[in-house]
Each structure stands twice: as C-alpha cells, then as structure tokens.
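Have a look at the structure below, then the notes.
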Amino acid sequence: MLIDIIAAEQTDFIKIASVIGAIRNEQNKGSNIRYRLIYTGKYSDPNMGSRFFEQLNIPRPNINLETGNSISDVEQTAIVMLRYEKVLALGKPQLVLITGDSNATIACAITARKTHHALIAHIESGLRNNDLSTPNEINRVLTDSITDYYFTPSHSANENLRKMGVPDEKMFLVGNTRIDTLMKQRQLFQQPAVWAKLKLRSQNYILVSLHRSRNMKALALKEMLRKIIASAQGMPLIFPTTAAGAKILLATGIRPPSLYAMNHLEYAQFIFMLENAKLVITDYAGIQEETTVLHVPCITIGINKYLPETFSVGTNYLVSGTAELPDAFSKLFSGKWKNGNIPYMWDGNSAERIIALIKNINREQKN
C-alpha cells in the first residue's frame, strides 16, 4: 500500500512525525505499507534545515512542490493542484493522508480524488471555528466534504462532523498526533542560549508567541504589549519572532528592559521554554495544545475556539481582546488559575491508532 503524506508547513511535519515513526515500526514487522512524504513548499522557513528533521527523527521530504508563499490563496491552491497532479502521474497512492487546514490540504485532496479516485484520510478532521470568513475554515469544511476516513482529535470534532452528515462508521477518534511528537521528544528538550544569558529560571518568565496578522500589526501589537507589560509584575517577557516580526516590534516603539525579542527557536528549544514558563501568551492553536498537555497556564488572544478542549479541559484562558488581559493576569498571580486536565486520548499513541486503522483500510480494499 502506497500512502502520500502531505505537509504544507513546519507544523505539519510536527503532526506527522509520529505517523512516520509508526509506519516505520510496521515496516520493520514486514508490513507492505510505503509512503511518499510530500512537501508543498508553502513557506521558505530557515528553521526547516536538516537539524529540524533530525530532531523529529523523520526524513526530508521525498518530493518538494516548491510553491512558495508570496502569492494569493487562490493561486497557491491552483499551483499545488497542478504540481501534485504531476506527482500522481508518477505513481498512484491508495491513500492520501492530509492534516490540518492549509490551502495544500484541500488542493491535494481535490486533486487526488478527481484525477485518481484515491482515498482521502484527514488527520484533525472535524475542527471548526464556525467563521466562513476565514480561509482556513473554508479549507476545513471543503476538505471534510470529500474525505473518506476522518481521524479526529476530540469528541467535539466528531459532533461537528455529525452535523454535516458524516456517518459514525467513518469517524475515528484517535487523539492528537502533535501531542505524540511532544511526548516522544520530551527527553530531547534543550535550553536555548537565552536561558543562561538572561539567567532565567523555571516559572520566572512569560513566553509570548504571536503569529496572526491581525495581532502582528504595529498599532495592535503596541496596545497588546502595553497591557501585558503593565500586568506582568516586572517578569521577563521572552518574545521569539521572525525577522519581519522583529521589524513590527521595533515599529511599536516599545522597548522596556523586561521585553526580550529574539529569533525563532528550534522546536526542541521552544518547547523547553514553553514547559518552564510561568505563563504563555499566544494566538496559535498548536501552542494551546502543548500548554494543555504540559499543564502550563496559557492566554489565547482572539476568537480561536476550534479546539474547545484546551479551554474546557485544559489550561487555556481565552480573551477576545487586550482589555481582558489584566483579569487573566490577576487569576494567574492570585493563584486562581485552573489546574487543567489532559483531553481524552491525548496520550501519545494517536499515530499507532491511525496506522492500525490504515492497515484495516488496506485489508478492506484488497477484499
């Protein structure tokens, strides 16, 4: 059985690393499962060098579609479809394994379905923010409309799929593959140079990780940082960001001694900083998942409830805007932050469940 595993960006490799590990284990047992790791080349990320793949213990992609990122969503989707069609002409997979909600996710799903009638399996299917004004939500809905096997991370994702008419026998609650990678790599977490440079200690700093364009504008970021600095009781604020993010930060004019901006960290170093933080402030869903499992308090800024378990079960606190930040900090420093639990099946074994299901799919197709 040949599987095409699609990755559009750095976070996708983190999600599928454990799946590749589970496939390798099956191959060592004599299984005939084969895979092609296909990178759509959405971003030119300097952090995705050979060391990144070594840390995740996965190979570099077999195929890079090299689509870049300085184009519109529509053009991005079209280019991925055209280039993936050429890949399919070289070899037809029995199953296309996609993850997440990127343009590449829907582009590869449509292309494989329309040109080769390949089966589609979607990791993280069923997630919704119920806002069709956002491109990622459109991608989620469209992808799930043509998926054959739904690998879901939560009960709420299953409920979302039921609402769109997906039968229960096509849904498989497998857990969270990003958490698989977190747990498998935990012993490899590394102190970054900033730890010694600033004489940091566990629980004595706040980690800020912002990504969304609405928050990374000079005026919005300036207002946000003012609220954070005023509420942080002088604790160091560690802010890993990109070169573009650093320019925006500079444009805010905010330069307190407690704020330390730095280049993006490698995965193992970033997770080390996350695990030891007093608090994490983010607008990115993946960090919500990791803080939940590591029991680290996390403030999520913006309307981002497509992983409600990180709020209802985990350690996350959602604020819709900067005005709510002081109240969240008050909960933290008064010791009233919720302890949080780990969501059901976020236990590090999701990839093994997925591969067991894929083996059953393979047997069904042969029969």
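Here are the numbers:
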{"item": "Label point distance in nm, residue 163-residue 130, each placed 7 Å from Cα along Cα→Cβ", "result": "0.5 nm"}
{"item": "Viscosity 0.890 mPa s, temperature 25 °C, Stokes-Einstein D of region 189-333 from Kirkwood C-alpha radius, µm²/s", "result": "162 µm²/s"}
{"item": "Efficiency of FRET from Cβ geometry, residue 50 and residue 183, R₀ 22 Å, rounded to 0.05", "result": "0.40"}
{"item": "Rough spin-label spacing in nm, given labels placed 7 Å along Cα→Cβ, for residue 146 and residue 324", "result": "3.6 nm"}
{"item": "Net length gained if the chain between residue 115 and residue 31 were fully extended (0.36 nm per residue, minus Cα distance)", "result": "27.5 nm"}
{"item": "In degrees, nearest ten, helix 285-294 long axis to first principal axis of the chain (Cα)", "result": "80 degrees"}
{"item": "Rounded to whole Å, sorted largest first: equivalent-ellipsoid semi-axes of region 1-110, Cα gyration tensor", "result": "23, 18, 10"}
{"item": "Degrees separating the helix 218-231 axis from the principal Cα axis of the chain, which is the longest one", "result": "60 degrees"}
{"item": "Student exercise, region 189-333 dipole from Lys, Arg, Asp, Glu Cβ charges, in Debye to nearest 20", "result": "580 debye"}
{"item": "Theoretical ellipticity at 222 nm over the chain - DSSP helices of four or more residues, -39500 (n - 2.57) apiece, nearest 500", "result": "-13500 deg cm²/dmol"}
{"item": "Extreme residue, positive dipole direction of the chain, given options 56, 71, 154 (C-beta unit charges)", "result": "56"}
{"item": "0 to 90° range, to nearest 10: angle between helix 350-366 axis and the chain longest Cα axis", "result": "20 degrees"}
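No lab work stands behind these numbers, since they all come straight from the coordinates. None of the values given here were measured: they were computed from a predicted structure. So basically every Cβ, Gly included, is an ideal-geometry build from the backbone, and we count neighbours across all protein chains shown.
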